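Computed from the coordinates by the stated procedures, all read-outs in this text should not be read as laboratory data. All figures in this text were calculated on a predicted structure; none of them were measured in a lab. We place every Cβ from the backbone using ideal geometry, glycine too, and count neighbours over all the protein chains shown.
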Amino acid sequence: MILNKMETNQTKFFIGTLFAIFVLMIFGSSCSDGKAVATFGTGKITIGEFGVAYADFLSQTGESDSDSLREWFLDEMIDKRLLATDVMKSGVLLDESFHLQFSAYKDHCLREEYFRSVIQPKIKISDASLDGIGVYLHQERRFRRLYFHDKVSAKQAFSLIENGASFIALENDVQFDINQPKLDGDLGWLSWEEMEFDAAMAGFRQKSGMVTQPIHTGFAWSILQIEGVRNRLDTSENSKITNRKFIYHLIERSIGEQFSFDYARSIPLKSMPKIEYRTLNWVSERVAFILKRSPVLNDLTTEMQLNIEELSRLEKAIQPRQNEILAEINGQKMTVVQFIQALRYVPYSITSQSAFLAMDYIIRDVLLTQKAKEIGLEKKLKTLSIRLRLFEEDYVQNHYRMKLIPDARMPIETNTIGNGSQENEKAVRDVIDQLRKSVEIRKNLKRLSGFAFI
C-alpha cells in the first residue's frame, strides 16, 4: 500500500504545522497572561493573543517561523485591532449574522481541538505516501458513480458488475426521488484533493476503465468507474504540488477529514438523523446558483471555506425560510440559516458539488461537536476565549472595510480576504496610517522573539 494511516515508522512532519504546535505549546500556557507584545493608546496585544493567532497562521500557510515574520504578523494584528476598535467606538451593533457566525465558529474551535487531541495523533504519513500522492496531484480523472445509502445495496451492485452488468445500466436502475438530486452518474474530471481520502485513493490507484469496490463516502456508499486519465490542466498550481511540505499538509487534512467520519460513524446515536429533503432541495438550488467559484488546492488549507461575499449572498438567498427546521441530528435541531453557517467549515470542493453531499459533513460535524462538549473541551480549551475575541475582531474590521469602500467586497470567484483593487487597498491603508498616527505604538520585540522552539 502507498499509505498506511496507522504506521509507526518515523515520519517527516510538515514544518509549518510543527512550528505552529510548538508556538501554541509555548504561548498557550500563558494565554491568560496580560503581558503585552504591543501597546497603542489604551489598546494592547497580549502575548497569549499573539501566540494563538500566529500559531494558526503558521499552520494554515506553512510559513517558516522567523523574527521578521513575527514582527510583520504583529503589525497586521495591530492594524486589525485599530480598525476594529475604531468602528466599535461608533456604537456598532453586532447583528444576527454575527451571532450565528460566532456560534458556528465556536463549535468549529471545539471540533478542531477534538481533532488535535484525539484524531491527529493517529495520522502517520510515510515518504512513500508523499511520493505516491505527489504523482496523483499532477493528474485528473473522470469518474462515474453509483451512490447507495447502505452497504448491502452497494455490495449487491458490485456483485452484479463482477458478473458482467453494465455500470450505466445500473445507474439507470436507481430509483429517483424528486426531492433529492441524482447523485449517480458522471462526476466529470476531478483532482485528487477534491475527493474524500478513501475515494481518492481507490479511484486514483485504478487504471482507466476499471471499477472500485464499494467505498464508504460520508454516511453513504459509492462505487466509482474510472473513465479517463489526463494531466492536471491548471498549471498555476505546479509550485504547490511539487512542494513536499504542502503535500504533507494536504494529505494530513484529507486523512483528518476521513478519520473524522470514522469517529462520527462510531458514535452511538439517540436517534437517526432526520432531514427535511424538500427544504434541503430548496436550499441546494440556491447554494448551486451562488457558488460558482472553482475549487483550488488552497481550499484544504484554508479555515473559512466560504468567503465573506459568498456567505452574505447565501444569507440573503435563504432569508425567507431561514428559521425553518432543516434537520434534527442526534436530538439537536438545525435551521436553514444554521446549515448555511455550518457550510463555512465544509470542504468547498464538496459544497460546490452538492449541498446534499455537504449535509453528510454537517451531520458529522454536529456529532463531533456534541462529543467535544460531552468530554468537557469547552472548559478545558484555554485558548477558546482568545480565539472568539479574535474572531469578533476580524468580523468587525472586515465589515469596517466594506463600509469604508462599498465596492471593496470580495469578488465571488476569489477565496482570499482583502483581494480588492489597488485603489481599494490604498484607501484602507490610508485609514490605517491615520489611525496609527493617532496613537503611540510600542512593540516589545525582545519579548516577541524571546521564545526558543523546542
- Query: Between their Cα atoms, which of 80/446; 106/373; 124/155; 122/155; 44/443; 80/380 are more than 20 Å away from each other?
  - Reply: 80/446; 124/155; 122/155; 80/380
- Item | Neighbour-count order for 436, 145, 442, fewest beta carbons within 10 angstrom listed first | 442, 436, 145
- Based on the mean of other beta carbon atoms within 10 Å per residue, what is the order of 132-140, 94-102, most packed first? 132-140, 94-102
- Extent of segment 334-393 along each principal axis, from alpha carbon coordinates, in Å, largest to smallest? 37, 29, 21
- Query: What order, most packed first, do the peptides 325-331, 122-128, 150-156, 269-275 have when packing is the mean number of other Cβ atoms within 10 Å of each residue?
  - Reply: 325-331, 122-128, 150-156, 269-275
- Query: Can you give the convex hull volume of the alpha carbon atoms of segment 127-266 per residue, in Å³?
  - Reply: 124
- So which aspartates and glutamates can residue 151 reach, going by Cα to Cα under 18 Å and dropping same-chain residues fewer than 8 places off? 162, 171, 173, 184, 196, 198, 262, 360
- Item | In order through segment 315-329: 3J(HN,Hα) via Karplus (6.51 cos²θ - 1.76 cosθ + 1.60), integer Hz, x for Gly, Pro | 4, 5, 5, 9, 3, x, 10, 4, 9, 5, 6, 9, 7, 10, 10
- Message: Per-residue counts of other Cβ atoms within 10 Å, averaged by peptide: what ranking do you get for 60-70, 185-195, 351-361, highest first?
- Response: 351-361, 185-195, 60-70
